Structures are given as structure tokens and as C-alpha cells.
Amino acid sequence: MTDTTVNAGIAHGLYTEGDAIADTKAPGGPIADKWTTRKFEAALVNPTNRRKLDVIIVGTGLAGGSAAATLGEAGYNVKVFCFQDSPRRAHSIAAQGGINAAKNYKEDGDSTYRLFYDTVKGGDYRARETNVYRLAEVSANIIDQCVAQGVPFAREYGGLLDNRSFGGVQVSRTFYARGQTGQQLLIGAYQALERQVAAGTVEQFTRHEMLELVVADGRARGIIARDLVTGEIETHLADAVVLASGGYGNVFYLSTNAMGSNVTASWRAHRKGAYMANPCYTQIHPTCIPVSGDHQSKLTLMSESLRNDGRIWVPKNRDDCDKDPREIPEEDRDYYLERIYPSFGNLVPRDIASRQAKNVCDEGRGVGPVVGDFRRGVYLDFSDAIDRLGQAAVEAKYGNLFDMYARITGEDPYKVPMRIYPAVHYVMGGLWVDYDLQSTIPGLFVTGEANFSDHGANRLGASALMQGLADGYFVLPNTIRDYLAKGPFAPLASDDPAVVEAHSSVEQRTARLLAVNGQRSVDSFHKELGNVMWEYCGMERSEEGLLKAIDLIRGLREEFWRNVRVLGAADTLNQSLEKAGRVADFLELGELMCIDALHRRESCGGHFRAESQTEDGEALRHDDEYLYVAAWEYAGGDGDNEMSAPVLHKEDLVYEAIELKQRSYK
Ligand SMILES: Cc1cc2nc3c(=O)[nH]c(=O)nc-3n(C[C@H](O)[C@H](O)[C@H](O)COP(=O)(O)OP(=O)(O)OC[C@H]3O[C@@H](n4cnc5c(N)ncnc54)[C@H](O)[C@@H]3O)c2cc1C
């Protein structure tokens, strides 16, 4: 039974509440001056002292690659890690549609303030104002930096950089390189990184996986990493550690993320004291190729940029759902986003477009094959655009995306409308950081998708690349120096108790995973966890469903440690072992996500609680109760199976530059 006065999470003993938490690094004064003030006030490190300071960066995607290149160029000793065989294979390479910047090249009313405003509103007023303003402020610098590196952004006939629009905005501020923006930006960051590798300021460790954080005297001082080729467990020490390890959307098993994306680096840090903020905020992207059965292990995104020219519709009548869409006349089509949201139309934000797609499919008006018990698809139709602009123009803008769709589905999207459906894509939650991007562990900084900082409860399209590069090229290099100026810290010996503890815990966990020798594959656990997460902590969440999910996840975790079968050995290349460690961490994270979703009895952005909606079925916030960031502290546990109830620390969100409103895109 639902108790309406006591939060269900507390009532069920699922969490406890601790002291409030606050960012203490953003300076006072007008919002537009804060970043300049902070850069001035942050301590400097003399160039000759920089080479005495060591920084470890975990991750070579846009956030980590840009940070490593910039800190290397500044003269620090940098060690950078990734689990792929090259920094260039980081998941950032998959990004398709573009990167935002408030350049106002189109003279259509854009400005730093408007990008800031759109991002805070898009995040449903659950992001920290100061961080978002800074993001908007440095956005224009990113484009200049990337152009200087030779990133081939699309250009207009006159030679200026071209722009297009993404969801949740009414200006054109998205810079792009066809449908390969992430790849081109990553090549830019990679070149800058390799320049520093050649210069000797950056040492690169590929096929290395961070499996533990070393915390000594309350400071992050290094990592324990496994060489994925030899299996050797290595200790790397430094004056500061930066996690740029990406997002954890793969907790849902099926997502648009790269198969290797995982939470291990963040989760290991969380277990060592770094708070995890808003872990339940997940982005479910409206334009993905629909699930076609239960054989899949990966879903494919069709970029949001397609919503600039493609029109989304379903048949008005259920009886038409089987028909060839080209035979359904105009008057029998429901362009439901244009109908419900006349101002923004097909370019409403992702959370809203996803929810409406779910609604029309739940009504029985979905298209495509029946999967499970209903049709999971809506049309994304380019026939108007092809008539208006010609096929060649559409091909020039989106050609590689159309080719990809045709290869995967066997259908020609120039002739038949694409079919799309929402899928897990990105996580707004992540490790809690202050204005300096420092976590609750001194010396541990977190950048890019791995932190929670800028997107509130829903991220606007093309703003993840902006954030990763803002963090790496401009923000972190200015804030980490304030911390490093206190160093170098006393060297840690390899037999320091903190190092020994971290090293041996990795060895023991590896041995334990191999020793279970049970009956079920790692993948089968991951898939079952993903089903639970999607069903109960996906597009719609309810108290009843979340309580059930927590039970199911606990049962699954208990079975995992009793019955998982990890093949192979520890001292060799062993992908089954790698995956097992990642799934074990997902099994803990999944529970925390459900507790977070359960405790937040409001709907905001991508977090839609069935119990909290407006009469029109839109997300209904409760600012009086939930205007805060939920920062969760790990409270220990009994081995790997049992987790003690986590502790909730609330960071109040204060809006001074923007007025809080119910979000509307009508
Ligand atoms: C299909 C797709 C398309 C997208 N398109 C866009 C777009 O058009 N515009 C936009 O703004 N955003 C887009 N996004 C989102 C965006 O791509 C990501 O949010 C962003 O690239 C994340 O960058 P990152 O540097 O934080 O992490 P990643 O690129 O995920 O890099 C993570 C790095 O950390 C390393 N790592 C992780 N764990 C460990 C560990 N334990 N040990 C060692 N190394 C580790 C990895 O090896 C990797 O180098 C898209 C996302 C997807 C899935």
C-alpha cells in the first residue's frame, strides 16, 4: 500500500538521509562573470613546476582525450588510459548529429543566455545554473578550437560553417560534419593527444581497464588497472585522477551505446566515497531503429538531426497499421507531434518525443512487426523533404544515415518512411561534481558523460559533445590547477596500505569471479538485468514497479555470485572476465538507480513517474519537494552481494538567473 506521507524508499528501509551537500566553488557575483572570476581566483602552477605533477586520466573519448591533450600541452605529466586498442575507438566516435554552440551565425536570435536558458529548461529545471551558464559561455570557443585543428564541419555555399536545429530549441546552433560529427571531433582531439604523446608529456595505456581507485589520506592518488592483454594487475600513482569514462546506459543491456561502455570506473570510485548524483536520470532517444526480436545485443540510433526534415506520424486508425504507408492518404495520418506541439512540432525535446511515441504505440497505433505483444514503431517520413528539396539535397545532409538504415533494415528510406522507436541512449546521472568538476573525493575530477553536471533530468541533442569538449579543453585545465597547486603530494610507496588494499581487492575480486564456476553465462545475467531496468525503470516508472525491480535485482545479484560461469584465466586476454566485472557493477548500480527513481515522487524530464502527470499526460514536477540534486553515498555492504542502504545527500538547486516554470513546447 502507498504511504503518501513517508517516502516509500525510507518506509522500506531502502535508504537513509544524511547532511545536505553544496557546491562551494562557484564564486559570487552575476552569473555572466562567475567563470572569469573563478579562472582568475584559481591558483596558478608555474610552468617549471608542472612537470613535477602527475595526472592520471581514465578515458580517451572527447572528454578524456581533450583533457589529456590540453594538460599535456600545459606541461603536466599525464598518463591516459582506455580499454580499447586505440583512443580513437572511444564511444564518442559514434556521435552522429552535431555539437551546439552559441555562435549565432544564422542571426536567428541565439546568444549565450539563450543556450543557457534552453539547456536549463530542456533539463526540466534540475541542472545547476552556474555550470550550465559556463557551458554556454565556452561553447563558441570549442568550435574555434576544432576548426583550428582541421575538423571538417559542414559549410554553406559562401564558406561559413553551416548549422541545423536539434530538439527543444527554435534557433539553428548545431554544427555538424554530416552524420559523423563525433568521429571528426575525436580525430581532432586524437591528433592533439598524439602530438603530446610524441612530445613525451602524455603516456598512453591502451587495452588497460581501471578496476580500482587508490585513495590515501582522503585524496585520490592513483588507480589499479588490468592490462587486458597480459592480465597483469598494475598500480599507477599520481597527484590527481580524472575520470572521463563515459556513460552507463548499457545497464539496460539494449542501448545505442558502444558494447563496451560500462560503469566500472565510476562505480569503483563511488564505492570509495564519490557520491553518485541523480543516477535514475536516463535519456531514452526517440529516433532509434526499433527492436526486432530478442536476439539483439545492440540498438542503432538514427540521429536527431533527421527530425529537421523528417515528419513523424502514425496512422489515425489502428486498421491501417498493417498497410504500406505510401498507401495511407494524408487525411488518415496523425502527425502527432505537430498536432500536440504546434510551436516545436517534430523538434520537441527527446523525453517528450519518446513519451508520445510510446503513447501512440500503447494505443495500438504503432507500425512495423509485432514484437512482444505490440508494434514498436512510428514513421519518420522524408517524402515532403524530398519533394521540396530534391533527393540530392537530402542525400547531401543525411546520406550516411540513410545508407546505415538501409543496410540494417533492408528498406530504402528514400522510398519508404523509416520506422523508429525510443531506445536508451545517454545518462544524465553520474558522479557528483562541484563547479571545479571535483567529486566528493579530493583530487578526483570527473568530466564528460561520467559526471552529472549540466543536463538536469533531460539532455538536449548535440549538447553532450559540447559538454565533453568544454570540460576537457577549457574547464578542467583551469580548475584542476587550483588543486594541483597544493602538490606535488608526498610520494606513495608501493607498500603503502592504501595501495596494497586497492591492489589486493582487485586480485581477490578477479579470483572470486573465476571461482564461481556456475551454470549461467555473464550475458544472460546482463540481459535479464536489462529487461528489469527497461520494464520498471525505463520510459515510465511507478512505486509498485520500482519496488518489484529492487527485489528482482537483489535476487539476480545473489544468483550471479553463486551461479555465474566465467571462462578462461586471469593471466591472459579474457573478455568473459572483463564483462563479468562490468556486469557485477551494473547489478549494484541498477539497484541504486531504482532507489533514486523510487524516492523522486515527481516526474521531470526523462524521469516519468506514472503517479505524477498533468491532465495532458505531461511530466509534473514538484518543485516544493524535489528541487534538488540527489547525491548518493555508498554505505558499504556485506561482500559483493549485499549493499547497505545508501545515504541521500541533497544539493538544493537555486535559480537566480532563470525563472522556474512548468515546461511547455506547445
Ligand atoms: C549513437 C550515439 C550518437 C550520439 N550522437 C551525439 C551527437 O550527435 N551529439 C552529441 O552531443 N552527443 C551525441 N551522443 C552522446 C555522446 O556521444 C556521448 O555522450 C559522448 O561522446 C561521451 O563522451 P565521453 O568522452 O564522456 O565518453 P566516451 O566517449 O564514452 O569515452 C569513454 C572512455 O573511457 C574509457 N573507459 C571507460 N571505462 C574505463 C575503465 N574502467 N578503464 C579504462 N578506460 C575506461 C573508454 O575506453 C573510453 O576511452 C551520441 C551517443 C550515441 C550513443
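The alpha carbon centroids of region 123-198 and region 453-501 are separated by 21 Å. Taking all protein chains into account, the per residue accessible area for region 239-344 stands at 31 Å² (1.4 Å probe).
What does the extension gain come out to for Asn400 and Lys106, with contour length at 0.36 nm per residue minus their alpha carbon separation? Provide the component values of the computation, followed by the final result.
Values: separation 294, 0.36 × 294 = 105.84 nm, distance 2.53 nm.
Length gained between Asn400 and Lys106: 103.3 nm.
Relative contact order of region 86-191: 43 percent, from C-alpha pairs under 8 Å at least 6 residues apart in sequence. For region 223-290 versus region 387-416, the inter-centroid distance based on Cα atoms is 34 Å. Each label was represented as a point 7 Å from its Cα along the Cα-to-Cβ direction; for Ser292 and Asp319 these points are 3.1 nm apart.
Report, in order of residue number, the helices in the chain meeting two criteria: a C-alpha extent of 24 Å or more along the helix axis, and a mean Kyte-Doolittle hydropathy of at least 0.0; treat each whole DSSP H run as one helix.
Values: long enough: 129-149 (30 Å, 0.07); 181-199 (27 Å, 0.13); 497-516 (28 Å, 0.25); 543-563 (29 Å, -0.54); 575-599 (36 Å, 0.24).
Sorted by number, the helices that extend far enough and score high enough are 129-149, 181-199, 497-516, 575-599.
Pull out the extension gain between Trp561 and Ala11, defined as 0.36 nm times the separation in residues minus the alpha carbon to alpha carbon distance; nm, one decimal.
Values: separation 550, 0.36 × 550 = 198.00 nm, distance 2.83 nm.
Net length gain for the segment: 195.2 nm.
Dividing the mean sequence gap of close Cα pairs (under 8 Å, 6+ apart) by how many residues the chain holds gives a relative contact order of 21 percent. Solvent-accessible area of region 541-666 (1.4 angstrom probe, protein heavy atoms only): carbon and sulfur portion equals 45 percent.
Amide H contacts of Arg375 (H built 1.01 Å from N, in plane; Pro and chain starts excluded): Gly366 sit under 5 Å, all sequence-distant by 5 or more or on other chains. Here the label points at Asp19 and Arg195, each 7 Å from Cα along the C-beta direction, are separated by 4.5 nm in the simple model.
Using the per-residue mean of other Cβ atoms lying within 10 Å as a proxy for protection, in what order, highest first, do the peptides 281-294, 438-451 fall?
On the way: 281-294: 23.4, 438-451: 26.8.
Highest to lowest by the protection proxy: 438-451, 281-294.
Region 315-347 and region 1-59 have Cα centres lying 45 Å from one another.
Do any trypsin sites (Lys or Arg not before Pro) in region 316-352 lie in a DSSP loop with no more than 15 other beta carbon atoms within 10 Å, and if so, which? If you can, show how the numbers build up before the last one.
Working: sites: Lys316, Arg318, Lys323, Arg326, Arg333, Arg339, Arg350; in loops: Lys316, Lys323.
Passing sites in region 316-352 are Lys316, Lys323.
Across region 35-60, the residues whose backbone nitrogen lies under 18 Å from the label position 7 Å along the beta-carbon direction of Asp144 are 35-37, 39-40. Distant-in-sequence amide contacts of Ile312, defined by a placed amide H-H separation under 5 Å and a gap of 5 or more residues or a different chain, comprise Asp381. For the chain, the spread of Cα positions along the three principal axes, ordered from largest to smallest, is 75, 59, 50 Å. Residues whose amide H comes within less than 5 Å of that of Cys288, counting only those at least five positions distant or on another chain, are Met302, Tyr421, Ala423 (H built at 1.01 Å from N in the peptide plane).
Going by average Cβ neighbours within 10 Å, how do the peptides 219-231, 485-497 rank, with the highest at the top? Walk me through the numbers on the way to the answer.
Numbers: 219-231: 21.5, 485-497: 13.1.
My ranking of the peptides, most packed first, is 219-231, 485-497.
Kindly state, to the nearest 0.05, the FRET efficiency for Thr37 paired with Lys486, given R0 = 22 Å and r defined as their beta-carbon distance. Working from the Cβ atoms, E equals 0.60. Counting only lysines at least 8 places from Lys52 when in the same chain, those with an alpha carbon closer than 26 Å to its own are Lys25, Lys39, Lys79, Lys486. In sequence order, region 467-474 has phi-based couplings of 5, x, 6, 4, 4, x, 7, 10 Hz under the Karplus curve 6.51 cos²θ - 1.76 cosθ + 1.60, θ = phi - 60°, and Gly or Pro positions carry x. Of the peptides 547-560, 249-262, the ranking by mean beta-carbon count within 10 Å, highest at the top, reads 249-262, 547-560.
Computed from backbone phi with θ = phi - 60° and the Karplus coefficients 6.51, -1.76 and 1.60, the 3J(HN,Hα) list for region 243-259 is 9, 10, 9, x, x, 10, x, 5, 4, 7, 6, 8, 7, 8, 5, 4, 4 Hz; x is used for glycine and proline. For the chain, the 222 nm mean residue ellipticity estimated from helices alone, with every DSSP H stretch of n ≥ 4 adding -39500 (n - 2.57) and the total spread over all residues, rounds to -11000 deg cm²/dmol. Full extension of the chain between Asn531 and Val370 yields a length gain of 56.2 nm, computed as 0.36 nm times the residue separation minus the alpha carbon distance.
Using a 1.4 Å probe, what is the accessible area per residue for region 431-523, in Å²? Present the calculation step by step, with values, prior to reporting the outcome.
Details: 2780 Å² over 93 residues.
Counting only protein heavy atoms, the per-residue value for region 431-523 is 30 Å².
The values are calculated or read from the model by the stated rules, or taken from the named source; none is laboratory data. Being a predicted model, the structure only gives us computed values, none of them experimental. With ideal geometry, Cβ positions are generated from the backbone for all residues, glycine too; neighbour counts draw on all protein chains shown. Accessible surface areas use protein heavy atoms only, side chains included; no ligands, DNA or RNA. Shrake-Rupley method; radii C 1.70, N 1.55, O 1.52, S 1.80 Å.
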